[in-house]
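Here is the structure we will look at, set down as structure tokens.
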Amino acid sequence: MATVVKCPFCKKRLMDMISAKEAEVQVKCPKCRKVINVSFLNNQVHGEAV
């Protein structure tokens, strides 16, 4: 079962997370163009704007 990662501003779907032990990525939302830091830790995801 995948977890959907959404932009915290416009709620657009950014990606699906299948599983993640530990990772950090930085993505730009294609809809609102804000840069979002996405942190994965033990199959949980947290996104916040830069």
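Using a probe of 1.4 angstrom and keeping all protein chains present, the accessible surface of the chain works out to 76 square angstrom per residue.
Dividing the Cα radius of gyration of the chain by its Kirkwood radius returns 0.95 for Rg/Rh. Toward the positive end of the charge dipole of region 8-48, about the Cα centre and with charges on Cβ (Lys, Arg +1; Asp, Glu -1), which of Ser19, Asn37, Pro8 goes farthest? Comparing the listed Cα positions along the dipole, Pro8 ranks first.
With a cut-off of 8 Å between alpha carbons and a minimum separation of six or more residues, what is the relative contact order of the chain in percent? Intermediate values should be presented prior to the final figure.
Numbers: 96 pairs, mean separation 15.5, N = 50.
This gives 31 percent for the chain.
When the solvent-accessible area of the chain is split by element, carbon and sulfur atoms take up 48 percent of it, the probe being 1.4 Å.
The values are calculated or read from the model by the stated rules, or taken from the named source; none is laboratory data. Everything numeric in this text was worked out from a predicted model, so none of it was measured. Neighbour counts run over all protein chains shown; Cβ positions are idealised from the backbone, glycine included. These accessible areas exclude ligands, DNA and RNA; they are computed on the full protein's heavy atoms, side chains included. Shrake-Rupley method; radii C 1.70, N 1.55, O 1.52, S 1.80 Å.
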